[in-house]
Amino acid sequence: MSTDVAAQAASSPSAQPSSDVVIETRNLTKVYRDFWGRQKVRALKALDLEVRRGEIFGLLGPNGSGKTTTIKLLLGLLFPTSGRAMVFGKDASNVAKNERIGYLPEESYLYKFLNAEETLDFYGRLFDMPASVRRERIDQLISMVKLDWARRRQLKEYSKGMTRRIGLAQALINDPDLILLDEPTTGLDPIGTREMKDLIVRLRDEGKTILLCSHLLPDIQDVCDRIAILHQGELKELGRIDTLLTVQDETRIRARGLSKQAETEIREVIARHGGELVAVDHPTSTL
């Protein structure tokens with residue numbers, strides 16, 4: 001191929017990363033080795049993923065399935081054994097891209113002797129945010145995570161749920177475009193869990209892209225647009241949450257105020273058309 005043709009191919013739209021793809025992994029593999037260089041654990045095997053702008057993408061799997069390893073590879077905290085991870089069109093090892101990322105780890109590493117305001121001010125300074133901008137963001141975020149009443153209490157006095165809330169506020173201090181959440185509802189009571197999920201959806205509606213890792217099925221089902229299911233480092237399923245959960249060969253009909261005669265006729269119609277009546281019952285709610 002001539003130089004001109006090669007340059008034209010490299011500059012073509014198909015050769016450039018899509019602006020709608022925020023995270024892309026290709027054949028991403030991570031192997032942990034022992035002191036002698038022998039393979040100890042294969043945490044991730046040939047992972048291919050795309051996370052698009054403005055969606056909530058869930059990584060679902062049991063403990064040890066490779067979810068946290070994937071996040072650390074995307075942040076540049078780990079280096080892949082083989083394959084490649086791209087964030088905002090740049091290699092994940094390029095730490096400059098982290099200015100546009102907010103990260104809530106599974107265990108929040110916060111200074112316990114600081115209060116909520118001081119914690120957020122400290123992280124705001126790390127991003128070189130002007131004092132006036134820091135004050136505005138601190139007030140907004142403390143109100144968002146509903147910690148106004150405890151804003152001047154030291155973090156050592158916080159419960160696990162309160163620590164998760166201030167951890168989320170810390171992850172948002174730089175107004176990131178991409179938010180990585182590792183088990184965000186850990187330690188939260190049912191009300192706190194619901195509020196955390198509502199916050200995640202609100203961030204998506206504001207145009208943020210969110211990668212959420214969890215082993216809790218309701219967390220993933222309630223908020224995610226698409227999910228990837230990992231098991232022992234391998235990708236098992238990938239797709240839209242509504243598509244994956246739809247049972248294709250069953251039809252559900254909901255009605256109110258049916259008489260016993262109507263139910264009998266419905267049973268007869270199903271039998272006449274060769275269908276199998278699975279159940280006729282009354283719906284229940286959940287706790």
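Read the figures in this text as sums done on the coordinates, not as results from a lab. Because the structure is predicted, anything quoted here is derived from the model rather than measured. Cβ atoms come from the backbone with ideal geometry, glycine included; neighbour counts cover every protein chain shown.
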Relative contact order (percent, whole number), the chain, Cα cutoff 8 Å, 6+ residue spacing: 22
Region 14-73, relative contact order [Cα under 8 Å, separation at least 6], %: 32
On a C-alpha basis, how far is the centre of region 217-259 from the centre of region 179-202 in Å? Whole number, if you could? 20
Label-point separation, residue 42 to residue 225 (7 Å along Cα→Cβ), nm: 3.3
Taking every DSSP beta bridge that has both residues in the chain, what percent is antiparallel when rounded to the nearest 5? 55
Aspartates and glutamates within cross-link reach of residue 40: Cα-Cα under 19 Å, excluding same-chain residues under 8 positions apart? 234
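Determine the shape class of region 224-272: with a ≥ b ≥ c the square roots of the Cα gyration tensor eigenvalues, call it rounded for a/c under 1.5, and otherwise prolate if a/b is greater than b/c, oblate otherwise. Mind dumping the intermediate values first?
Values: a/c = 5.14, a/b = 3.17, b/c = 1.62.
The shape class here is prolate.
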Past the 27 Å Cα-Cα mark, which pairs from 45/160; 72/236; 67/97? 45/160
Of all DSSP beta bridges in region 127-274, what percent run antiparallel (nearest 5)? 55
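If the chain between residue 136 and residue 202 were fully stretched, how many nm would it gain, using 0.36 nm times the residue separation less the Cα-Cα distance?
Working: separation 66, 0.36 × 66 = 23.76 nm, distance 1.92 nm.
Roughly 21.8 nm would be gained on extension.
What ranking, highest mean first, results for peptides 212-224, 138-150 when packing means the other Cβ atoms within 10 Å averaged over each residue?
On the way: 212-224: 18.6, 138-150: 16.3.
Final packing ranking: 212-224, 138-150.
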Calculated [θ] (222 nm, deg cm²/dmol) that DSSP helices of n ≥ 4 give over the chain, each run adding -39,500 (n - 2.57): -10000 deg cm²/dmol
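What translational diffusion coefficient, in µm²/s and rounded to a whole number, does the Stokes-Einstein relation yield for the chain at 25 °C and a viscosity of 0.890 mPa s, taking the hydrodynamic radius as the Kirkwood radius over Cα pairs?
Values: Rh = 22.0 Å.
The diffusion coefficient I find is 112 µm²/s.
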Reduced to Cα centres, the span from region 40-95 to region 111-172 in Å works out to 28
